[in-house]
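Just below is one structure, and these are the notes that go with it.
The values are calculated or read from the model by the stated rules, or taken from the named source; none is laboratory data. The model shown is predicted, which means the values in this text are computed figures rather than measured ones. For neighbour counting, all protein chains shown are included, and Cβ atoms are generated from backbone atoms with ideal geometry for every residue, glycine included. Only protein heavy atoms, including side chains, enter the accessible area calculation; ligands, DNA and RNA are left aside. Shrake-Rupley method; radii C 1.70, N 1.55, O 1.52, S 1.80 Å.
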Amino acid sequence: MHAPHTPKQNHLLAALPAADYERLLPHLEQTPLELGWALYESGGEQGHVYFPTTSIVSLLCIMQDGSSAEIAVVGNEGLVGIALFMGGESTTGRAVVQSAGYGYRLRASVLKTEFGQGGALQHLLLRYTQALITQMAQTAVCNRRHSVEQQLCRWLLLSLDRLSSIELTMTQELIANMLGVRREGVTEAAGHLQAAGLIHYSRGKITVLDRPKLEARVCECYAVVKRESDRLLSRETAIVDPLS
Amino acid sequence: MIETVLNPLLVPPVGPPTTQSNRERAGQVARRASIENSRLAAVPRKEYRRLLAGLEPVTLTFGEVLYEPGETIRHVYFPGSSLVSLLTLVDGHLTLETGLIGREGMVGIPLVLGHNVSSVRALVQGTGTAMRMAAARFSKEFRLSLALQQELYRYTHTLMAQIAQTAACNRFHVVEMRLARWLLMTHDRVKSDQFHMTHEFLGHMLGVRRVGVTKAAHALQQRKLIGYSRGDITVLDRRGLEAAACQCYDVVKDMHDGAPAGHAVRKMRISACLTAQIRSVRRHT
């Protein structure tokens, strides 16, 4: 039997002081996030922000010719819909559910009001934005400087950190699209990792068998991104809710 | 303190003997330089006056490092005619420009987000004017000014779009297109047809080897879009350069201009291929 879902599975919501959390709670609506569902599209208006709990959302940059590259991945450590409170009315990218699960959504108007009051939620969301900026910049440089295999390791680890399982549902083609590389490149890289006993790949399911070894192979970009989001939350829990 | 001396509006008539003419001159410099920056120019006059008290005009020099990754931010900068690159480092030395900031922006965005440490190297790549403010003063002013908050949140968002576009651009576009884009972005910010730039420096910006830059610059030169001599790049044909650049230039420019004109077009062309693949994954599950 599955454990009941609660908004506190999202780390940002969990880090809110009790009073702020209670105020938001009636507005948080549990939503299944299905694989491939676009939470927002380039240029489209956003009616909600999403706090993933058991799902992962990819932020993609879409080029004119239709090719795409993942610029960040958001899971239970963050939220999707930065543009809403940053005041950019639309986004340039697209947010697509990369791993199905659940999340909680909040209406744009509620979020804007809360953010405008400048309390703990505003503080948390801004700090998360900083972590997201670091992730995006690191992804940019990783795209440029590191091998497909290293990038695949980074992508797998970042995804795993945002899930409670060791298994990902994913085709190589989709990974190739996320990473913005040719499928052959992903096949080759995944082949190496499988031969080394790090992962097992079969029929659209990737199981991570040896996480420490995967961490040994990954480029530094993974650690940079992880450190940033860890620091965000550890400091926040200390500052925002010293009693917990 | 230099900041109080430089501000003609808030300096009380008592205090250190500063001649009126000096103060006036400093005030003029301050006013002129800060208006150059469009974020400051967008703040309502009354709030701007209060900000001015904490702003100090400085000259940023090519090659100067404003922040290193992991360092505490001591000042924020509002460039006027200067230009600042945000470089992300990997493996200790390889760099890539993930943001370019000129008169349209501010250097020190982590402070806007409540964080006082830089995660990037901020390197001056175009000598020129800027206004700077001490970090503590900025944080205080920022809390007080709703207008400044709105301006800088929105700017942060466009900077994020620039980073995202750079990430994708690095993945898909050839050096020649990326160089053209970079030259256009620089041209927009410095408002001069000529700027000094070595191939090695450009290599750091674009994340490619110097040879790659040399080849791309040569190609643009042959097409008579730019002139290049001893590190001086001259934009000869801006329209031609726009045609040679990848779409990423327009996308980011639209964001900065606040006119999402390109977006509708982009939306229409969203990857049919990606959608099909997602569907196929869905069928498996």
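Please determine whether any residue of segment B:80-89 is within 14 Å of another protein chain (Cβ to nearest Cβ) and open to solvent by 20 Å² or more (accessible area, probe 1.4 Å).
First pass over segment B:80-89, keeping only residues within 14 Å of another protein chain (Cβ to nearest Cβ): B:85-89.
With open to solvent by 20 Å² or more (accessible area, probe 1.4 Å) added as a condition, the list becomes B:86, B:89.
Among the residues of segment B:80-89, at least one is within 14 Å of another protein chain (Cβ to nearest Cβ) and open to solvent by 20 Å² or more (accessible area, probe 1.4 Å), which makes the answer yes.
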Q.
Could you check segment A:54-70 and list, in sequence order, the residues that are touching a residue at least 40 places away in the same chain (Cβ under 8 Å) and over 10 Å from the mean Cα position of the chain (by Cα)?
A. A:Thr54, A:Leu60, A:Ser67, A:Ser68, A:Ala69, A:Glu70
Q: Would you mind stating whether A:Ile175 is buried (at least 21 other Cβ atoms within 10 Å of the Cβ), among the β-branched types (Val, Ile, Thr) and either farther than 22 Å from A:Phe51 by Cβ or within 14 Å of another protein chain (Cβ to nearest Cβ) (or both)?
A: yes
Q. Does B:Arg137 count as more than 9 Å from chain A (Cβ to nearest Cβ) and in a strand (DSSP E or B)?
A. no
Q: Go through segment A:95-122 residue by residue and tally those that are within 12 Å of another protein chain (Cβ to nearest Cβ), within 21 Å of A:Arg162 (Cβ to Cβ) and open to solvent by 20 Å² or more (accessible area, probe 1.4 Å).
A: 1
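Select, from A:Gly185, A:Gly197, the only residue that is outside the structural domain of A:Gly66 (by TED's automatic domain parsing) and at positive phi.
Values: A:Gly185 fails: at positive phi.
Result of the check over A:Gly185, A:Gly197: A:Gly197.
Hey, among the residues in segment A:155-199 that are outside any helix (DSSP H, G or I) and touching a residue at least 60 places away in the same chain (Cβ under 8 Å), which one's nearest to A:Thr139 (Cα to Cα)? I'd like the intermediate steps shown before the answer.
Looking only at segment A:155-199, we keep the residues that are outside any helix (DSSP H, G or I), and these are A:162-171, A:180-182, A:196-199.
From the residues that got through so far, the ones that are touching a residue at least 60 places away in the same chain (Cβ under 8 Å) too are A:162-164, A:168-170, A:180.
Details: A:Arg162: 17, A:Leu163: 20, A:Ser164: 23, A:Leu168: 20, A:Thr169: 22, A:Met170: 20, A:Gly180: 11 Å.
That would be A:Gly180.
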Q. In segment B:193-217, which residue that is of a type in the set (Gly, Ala, Ser) and without any contact (Cβ under 8 Å) to a residue 40 or more places away in the chain is farthest from A:Asn143 (Cα to Cα)?
A. B:Ala217
Q) Any idea how many residues of segment B:90-132 are β-branched (Val, Ile, Thr), open to solvent by 10 Å² or more (accessible area, probe 1.4 Å), more than 10 Å from chain A (Cβ to nearest Cβ) and not in a loop (DSSP other than H, G, I, E, B)? A) 1
(Q) One residue is enough: does segment B:143-161 have a residue meeting the conditions touching a Pro at 6+ places or on another chain (Cβ under 7 Å) and not in a helix (DSSP H, G or I)? (A) no
Q) From the list B:Gly126, B:Gly102, which residue is over 30 Å from A:Gly119 (Cα atoms) and at pLDDT below 90? A) B:Gly126
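Does A:Leu35 qualify as being modelled with pLDDT under 95 and open to solvent by less than 20 Å² (accessible area, probe 1.4 Å)? Before the answer, list the steps.
Details: modelled with pLDDT under 95: yes; open to solvent by less than 20 Å² (accessible area, probe 1.4 Å): yes.
Criteria met by A:Leu35.
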Q: State the number of residues belonging to segment A:125-154 that are without any contact (Cβ under 8 Å) to a residue 60 or more places away in the chain and crowded, with 24+ Cβ neighbours inside 10 Å.
A: 4
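Going residue by residue through segment B:156-164, is there one that turns out to be more than 9 Å from every other protein chain (Cβ to nearest Cβ), under 20 Å from A:Gln138 (Cα atoms) and in contact (Cβ under 8 Å) with a residue 60 or more places away in the chain? Outline the logic, then answer.
Pass one, segment B:156-164, residues more than 9 Å from every other protein chain (Cβ to nearest Cβ): B:162.
Still in the running and under 20 Å from A:Gln138 (Cα atoms): B:162.
So of that shortlist, the ones also in contact (Cβ under 8 Å) with a residue 60 or more places away in the chain come out as B:162.
Yes: one or more hits.
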Q: State whether one or more residues within segment B:254-269 are closer than 23 Å to B:Gln165 by Cα, within 20 Å of the chain's Cα centre (by Cα), away from chain A (no Cβ under 12 Å) and modelled with pLDDT of 85 or more.
A: no
Q.
For segment A:38-70, which positions are out of contact with any helix residue (DSSP H, G or I) (no Cβ under 7 Å at 6 or more places or on another chain), within 12 Å of chain B (Cβ to nearest Cβ), farther than 15 Å from A:Leu179 by Cα and surrounded by 23 or more Cβ atoms within 10 Å (Cβ to Cβ)?
A. A:Tyr40
**Q.** Residue that is surrounded by the most Cβ atoms within 10 Å (Cβ to Cβ) [pool: residues in segment B:50-78 that are in contact (Cβ under 8 Å) with a residue 60 or more places away in the chain and closer than 23 Å to B:Thr198 by Cβ]
**A.** B:Leu60
Q) So which residues in segment A:158-170 are within 22 Å of B:Phe172 (Cβ to Cβ) and either surrounded by fewer than 20 Cβ atoms within 10 Å (Cβ to Cβ) or modelled with pLDDT of 80 or more (or both), if there are any at all? A) A:Leu158
**Q.** Total residues in segment A:62-112, condition in contact with a strand residue (DSSP E or B) (Cβ under 6 Å, 6 or more places away or on another chain) and of a type in the set (Asp, Glu)
**A.** 1
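Looking at the structure I just gave you, is A:Phe85 at pLDDT 95 or above and buried (at least 21 other Cβ atoms within 10 Å of the Cβ)? Explain how you work it out, then say what you get.
Working: at pLDDT 95 or above: no; buried (at least 21 other Cβ atoms within 10 Å of the Cβ): yes.
No.
Does A:Leu193 meet the test of being more than 10 Å from every other protein chain (Cβ to nearest Cβ), crowded, with 16+ Cβ neighbours inside 10 Å and within 20 Å of the chain's Cα centre (by Cα)? Explain how you work it out, then say what you get.
Numbers: more than 10 Å from every other protein chain (Cβ to nearest Cβ): yes; crowded, with 16+ Cβ neighbours inside 10 Å: yes; within 20 Å of the chain's Cα centre (by Cα): no.
For A:Leu193, the condition - more than 10 Å from every other protein chain (Cβ to nearest Cβ), crowded, with 16+ Cβ neighbours inside 10 Å and within 20 Å of the chain's Cα centre (by Cα) - is not met.
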Q | Residue ID - farthest from the other protein chains (Cβ to nearest Cβ), chosen from residues in segment A:71-82 that are open to solvent by 10 Å² or more (accessible area, probe 1.4 Å) and not aliphatic (A, V, I, L, M) | A | A:Asn76
